[in-house]
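Shown below is the structure under consideration.
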Amino acid sequence: MLQKTYVKTKDLWKVKFILKSDNAETVELLGLNSDWENSIALSKKKDGTFSAEVTLPKNTEHEFKYRVNKTEWLEEPDADKQSVNAFGSVNSVLVLN
């Protein structure tokens, strides 16, 4: 799930990424700002969901995926759109206007 909040005074978006995965020990977010090397760790909550909040610039698009337990790649079902990547799978796309 994605929760987007526009911060008018700073001309930025705060985006909260939330993933529920029953078998997850770790969840990472990769691809924001075209960075597929450095992941953002999502914190595990008491209800079993994982979440992280990221601040991103207005008028940008970001391809991303979740990596669960260092091996399984997942898309975001609530993403604004999807894009086929070089590996033949699909990346989620976040659009911030």
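We did not get these values from a lab; they are worked out from the coordinates using the rules stated. Computed from a prediction, not measured in an experiment: that's the story for all the values here. For neighbour counting, all protein chains shown are included, and Cβ atoms are generated from backbone atoms with ideal geometry for every residue, glycine included.
Take the residues in the range 60-97 that are in contact with a Gly (Cβ under 8 Å, 6 or more places away or on another chain) and of a type in the set (D, E, K, R), then tell me which one is farthest from residue 6 (Cα to Cα).
65
While we're on this one: Filter the range 36-66 for residues that are over 10 Å from the mean Cα position of the chain (by Cα) and basic (Lys, Arg); which is farthest from residue 10 (Cα to Cα)?
46
A quick yes/no check of all residues on (1) surrounded by 14 or more Cβ atoms within 10 Å (Cβ to Cβ); (2) of a type outside the set (S, T, N, Q):
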site	(1), (2)
17	yes, yes
27	yes, yes
30	yes, yes
37	no, yes
51	yes, no
66	yes, yes
